[in-house]
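Taken together, the values in this text are just the output of simple stated rules run on the coordinates, not laboratory data. Given the structure is predicted, the values throughout are model-derived calculations rather than measurements. Every residue, glycine as well, gets a Cβ built from its backbone with ideal geometry; the counts of neighbours run over all protein chains shown.
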Ligand SMILES: *Cc1c(COP(=O)(O)O)cnc(C)c1O
């Protein structure tokens with residue numbers, strides 16, 4: 001396989017000349033970003049008070065179909081808050097995937113809970129409902145009080161955190177029904193999947209609470225930021241309370257009724273978010289066109305490189321396009337060649353149980369997880385601006 005053909009195709013798609021660097025994912029600011037940021041500065045509302053926060057929450061609820069949305073300072077904070085709202089406590093176990101960005105496990109760890117790693121599906125790269133059921137059947141038991149526990153450790157099994165990898169929805173409806181059957185909370189890590197739908201429903205809206213990220217490399221950005229998605233009004237109100245220092249409303253008294261968090265997104269970031277969300281349809285269209293270009297190219301190419309197309313029953317946002325190589329050696333050869341020649345590509349994250357903090361965590365066979373970790377490469381996936389503006 002001639003790697004120059006691949007790099008040529010990528011450069012052509014992004015309008016980059018020979019020698020011009022192609023990043024993996026750069027943000028696009030082509031709308032009202034400057035206007036809204038200027039409004040913040042002109043009115044002095046840059047911080048914890050201002051109209052853009054409320055508007056961004058309303059706009060995100062409308063876009064995702066969630067009943068309510070609540071801003072956070074980051075996607076990681078949003079996940080931490082989501083797990084707390086789902087009732088996760090110290091020493092609980094949380095079932096999740098090892099094939100994820102570190103933030104998923106960090107959020108679980110902030111609570112003092114323990115991740116347990118369940119395998120992913122080979123096509124979605126997200127948590128496998130079959131593997132989840134198999135693990136629960138073999139490892140869980142209900143105690144005399146009706147609490148679901150891990151047979152070996154005796155710890156309570158509290159929540160499942162599936163992740164929609166690179167924007168491809170996992171089999172979330174099957175996971176939701178397993179959670180219901182076993183009485184486990186479903187918390188979706190939808191950090192990467194704004195604009196991704198499973199059977200017509202937006203990712204992050206299937207469980208008790210979902211978390212989205214607006215980090216600089218995500219599909220839309222607020223600089224840094226996150227959003228919680230809810231179907232439950234009361235829980236959303238409580239989230240708002242906890243993310244704003246749990247202050248009891250009063251004209252001047254400082255009274256607080258919980259350990260609260262300063263997790264509220266500043267108005268200046270929300271201003272950026274409102275402007276970005278206005279542009280999202282064009283962004284998604286451009287990303288889908290890029291995915292089509294990649295898909296066509298690799299269909300016609302020998303060499304066993306496979307494009308990871310959106311799974312059945314779903315619409316992916318194609319946040320980061322991915323291909324799989326026949327072997328880890330070939331993957332490494334391509335990573336080296338492309339990065340040496342000005343086209344940024346990346347392998348998937350190091351698996352969580354290969355990191356020192358999580359190496360002792362329980363896990364199942366991890367067959368698909370290991371294969372994907374060995375073979376997946378992300379290709380440049382930024383919005384192509386000429387697509388958006390015409
Ligand atoms: C980006 C990301 C996060 C965290 O988001 P931040 O906004 O960077 O804190 C969490 N989980 C996954 C899977 C992510 O990709």
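Compactness of the range 275-390 was expressed as the Cα radius of gyration divided by 2.2 N^0.38 Å, which yields 1.23. Suppose a student asked you for the relative contact order of the range 1-112, using Cα pairs under 8 Å spaced at least 6 residues apart; what percent would you report? It comes to 16 percent, rounded to a whole number.
Taking the inverse of the mean 1/r over every pair of distinct Cα atoms in the range 153-236 gives a Kirkwood hydrodynamic radius of 13.4 Å.
Note on 383, 71, 22, 293: ascending count of other Cβ atoms within 10 Å places them as 293, 22, 383, 71, the fewest first.
For the range 277-332, what class follows from the C-alpha gyration tensor (a ≥ b ≥ c being the square roots of its eigenvalues): rounded when a/c is under 1.5, otherwise prolate if a/b is larger than b/c, else oblate? The shape class here is prolate.
For the range 1-119, a Kirkwood radius taken over Cα pairs fed into Stokes-Einstein (10 °C, viscosity 1.306 mPa s) yields D = 85 µm²/s. When the Gaussian network model of the chain links Cα atoms closer than 10 Å, the mean-square fluctuations of 364, 257, 119 top out at 257. When the alpha-carbon atoms of the range 244-339 are used, the pair Rg, Dmax equals 22.9, 70 angstrom.
Cα-based radius of gyration for the range 58-120, normalised by 2.2 N^0.38 Å, reads 1.24.
Per residue, the convex hull spanned by the Cα atoms of the range 89-227 measures out at 102 cubic angstrom. As a rough guide to protection, the peptides 303-315, 104-116 ranked by mean Cβ packing within 10 Å, highest first, stand as 104-116, 303-315.
What order do you get for 370-378, 233-241, 183-191 when each peptide is scored by the mean count of other beta carbon atoms within 10 Å, highest first? Walk me through the intermediate numbers first.
Details: 370-378: 19.1, 233-241: 16.7, 183-191: 25.6.
Most protected by this proxy first, the peptides run 183-191, 370-378, 233-241.
Across all Cα pairs in the range 175-322, the calculated P(r) in 10 Å bins from zero up to the longest distance comes to 10, 29, 31, 20, 7, 2, 1 percent per bin. Counting every pair of alpha carbons in the range 191-277, the share spaced more than 22 Å apart comes to 37 percent. Given the C-alpha centroids of the range 234-266 and the range 328-367, what is the distance between them in whole angstrom? The range 234-266 and the range 328-367 have Cα centres spaced 40 Å from each other. The mean sequence distance of close C-alpha pairs (under 8 Å, at least 6 residues apart), as a share of the length of the range 229-342, puts its relative contact order at 14 percent.
Entry note, the chain: the mean residue ellipticity at 222 nm calculated from DSSP H runs of n ≥ 4, each adding -39500 (n - 2.57), is -11500 deg cm²/dmol after division by the residues and rounding to the nearest 500.
With Cα atoms defining each centre, the range 3-45 and the range 117-179 are spaced 38 Å apart in the structure.
Can you pull the semi-axes for the chain, root of five times each eigenvalue of the Cα gyration tensor, sorted largest first, whole Å? All intermediate terms of the calculation are to be shown ahead of the outcome.
On the way: eigenvalues 225, 178, 53 Å².
The three semi-axes for the chain are 34, 30, 16 Å.
Here the range 243-298 is treated as an ellipsoid with the same Cα gyration tensor; its semi-axes, largest first and in whole Å, are 44, 14, 7.
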